[in-house]
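This report concerns only the one structure given below.
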Amino acid sequence: MNAIEASAARIRVAGPVPELAVVLGSGWDRAAELVEAPTDIPYPELPAFPALNVDGHAGILRLGRIGGRAVALLRGRKHAYESGDAAAMKGPIRSLAAAGCRILVLTNAAGSLDANMGPGSLMLIADHLNMAQRTPLHDEPGSDRFVDMSDAYDPALRAQARAAAAQAGIALHEGVYAWVLGPQFETPAEIRMLGLLGAQAVGMSTVPEVILARHAGLKVLAFSMLTNMAAGLSDESLSHAHTLRNARAADQDASRLLTAVIAAI
Ligand code: HPA
């Protein structure tokens, strides 16, 4: 048995077999409290899962139910900026697909390029710009590495998410997410460039996981919590601590949104 099969087998026996998986980014971890009858598996017990070393990320897979749906919540992700490796989340995503998940919900903290989306706003990702121009698939054999990325963010799931947010009375914007490698924040000139290219949000995660998920045949839905105006668009200076602080201020809306969406899709 390889590491992915071993991780999938462990996930299948630990709790209800998850139908959907959610990667909880900065600001979204509070949703983990909403899981009924949770079972936790620390990443070190899942051989295909990475070791983590960023503040605010726990490295725990939580299994259980939200709104009646069997879910797997990933509390902590490994970012490409930590190692330069865009395939850092290959093991977890393939393990979850092998365990039976059919939908991957990705969440992140991002900077806003849109004056109508201030700190604390929530955005449904409609599409992305891979500004890092990295891929988690470069060592993949075979022709299925040529993944179709049109409609990567599933249009039917997005429609259901918009309806669920409206019904729950949660304002949900929709826009294009630009992935930059980081870990440094952007320059104001870079943000002006991203705005001209059509981005409403900028961040350092999610896109590699979307590519991996589409390659694994999973449907994808993704959300950003805007924790700050992007560089040059406000007087505030940018820092990781600032991101986490603003994320905490919006975490209640974020977990309400996730519950409503999970029950609806
Ligand atoms: N830029 C990139 N990543 C981010 C930002 C930002 O302004 N805010 C939170 N994550």
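For a test of the definition: using alpha carbon positions, the gyration tensor, and the 1.5 limit on a/c, classify the range 20-178 as rounded, prolate or oblate. Rounded, because the longest to shortest axis ratio a/c is under 1.5. Using the Cβ-Cβ distance between Leu197 and Asp148 with R0 set to 25 Å, the FRET efficiency works out to roughly 0.70. Treating r as the C-beta distance of Arg248 and Leu181 and R0 as 25 Å, the FRET efficiency rounds to 0.45. Full extension of the chain between Ala115 and Glu82 gives 8.9 nm of extra length, using 0.36 nm per residue less the Cα-Cα distance. With a cut-off of 13 Å between beta carbons, the residues surrounding Met123 carry a summed charge of -2, where Lys and Arg count +1 and Asp and Glu -1. Among 203-214, 178-189, sorting by the average number of other beta carbon atoms lying within 10 angstrom of each residue, highest first, gives 203-214, 178-189. Fully extending the segment from Ala159 to Asn2 would add 52.8 nm, taking 0.36 nm per residue of separation and subtracting the current Cα-Cα distance. Does the range 129-243 come out rounded, prolate or oblate, given a ≥ b ≥ c as the square roots of the eigenvalues of its C-alpha gyration tensor, rounded meaning a/c under 1.5 and, failing that, prolate meaning a/b above b/c? Since a/c reaches 1.5 but b/c is at least a/b, the shape of the range 129-243 is classed as oblate.
Per-residue ellipticity at 222 nm from helix content only, as computed over the chain with -39500 (n - 2.57) for each DSSP H run of at least four residues, stands at -9000 deg cm²/dmol. Neighbours of Ala48 by Cβ distance under 15 Å: Lys/Arg scored +1, Asp/Glu scored -1, total +2. The label point for Ala37 and the one for Gln167, both projected 7 Å from the Cα toward the Cβ, are 2.4 nm apart. Remark: spin-label model distance Arg12-Asp235 equals 5.9 nm, labels positioned 7 Å along the Cα→Cβ axis. Over the range 74-223, what is the relative contact order in whole percent, taking alpha-carbon pairs under 8 Å and six or more residues apart? Result for the range 74-223 is 43 percent. Contact order, relative form, for the chain: 27 percent (alpha carbon pairs under 8 Å, 6 or more residues apart, mean separation divided by residue count).
Read-outs: derived from the displayed coordinates by stated rules, not from any lab. Bear in mind that the values here come from a model prediction, so they are computed numbers and not experimental data. Counting neighbours? That spans all protein chains shown, and the Cβs are built from the backbone with ideal geometry, glycine included.
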